[in-house]
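Q: One structure, as structure tokens, below. Some questions next.
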Amino acid sequence: MADYDPACPFCQRIDNRDWEQDYAGTVARFEPLNPVTPGHMLFVPMWHAEHPSAEAVRACMGYAETFAESQGPDFNLITSSGPAATQTVPHVHIHYVPRRADDGLALPWTGQHR
């Protein structure tokens, strides 16, 4: 596990302090470049970690869950591992996606509701 990968866009954002808040100096929170709903956030370990990394996932999920519960009752917490699972940045991260009735965001397991 390397502490920093200069080719990683998340490592670059962390190094540039382009994040909103960190959790105990271990996890950064920031808005993705293309949020899918208002309030969409990413929770990223402040060291470069790729899947599988139970330590990184635990740290990020813990902070994401605490944050999500403070925001409201309806949300998704999502992580993906590998290109076939739609992971585009190979750095562990958790998506917090706040949800609202009829927000129009359909996830693969919900089917297309119209």
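The values are calculated or read from the model by the stated rules, or taken from the named source; none is laboratory data. Quantities reported herein were computed from a predicted structural model and do not represent experimental measurements. So basically every Cβ, Gly included, is an ideal-geometry build from the backbone, and we count neighbours across all protein chains shown. Calculation scope for accessible area: heavy atoms of the full protein, side chains included, ligands and nucleic acids excluded. Shrake-Rupley method; radii C 1.70, N 1.55, O 1.52, S 1.80 Å.
Q: Within segment 79-86, does at least one residue satisfy the condition of being open to solvent by less than 40 Å² (accessible area, probe 1.4 Å), out of contact with any Gly (no Cβ under 9 Å at 6 or more places or on another chain) and among the polar types (S, T, N, Q)?
A: Scanning segment 79-86 turns up at least one residue that is open to solvent by less than 40 Å² (accessible area, probe 1.4 Å), out of contact with any Gly (no Cβ under 9 Å at 6 or more places or on another chain) and among the polar types (S, T, N, Q).
Q: Say whether the condition of being touching a Phe, Trp or Tyr at 6+ places or on another chain (Cβ under 7 Å), outside any loop (DSSP other than H, G, I, E, B) and on the phi < 0 side of the Ramachandran plot is met by at least one residue in segment 78-90.
A: Scanning segment 78-90 turns up no residue that is touching a Phe, Trp or Tyr at 6+ places or on another chain (Cβ under 7 Å), outside any loop (DSSP other than H, G, I, E, B) and on the phi < 0 side of the Ramachandran plot.
Q: While we're looking at this one, here's another question. When residues of segment 31-57 are filtered for being under 19 Å from Ala85 (Cα atoms), surrounded by 19 or more Cβ atoms within 10 Å (Cβ to Cβ) and not aliphatic (A, V, I, L, M), how many remain?
A: 1
Q: Among the listed residues Ala106, Ala28, Ala7, identify the single one that is hydrophobic (A, V, I, L, M, F, W, C), open to solvent by 50 Å² or more (accessible area, probe 1.4 Å) and either without any contact (Cβ under 8 Å) to a residue 12 or more places away in the chain or in a strand (DSSP E or B) (or both).
A: Step by step, each of Ala106, Ala28, Ala7 is checked, and only Ala7 is hydrophobic (A, V, I, L, M, F, W, C), open to solvent by 50 Å² or more (accessible area, probe 1.4 Å) and either without any contact (Cβ under 8 Å) to a residue 12 or more places away in the chain or in a strand (DSSP E or B) (or both).
Q: Same structure again: Select, from Arg58, Arg17, the only residue that is among the basic types (Lys, Arg) and in a helix (DSSP H, G or I).
A: The match here is Arg58.
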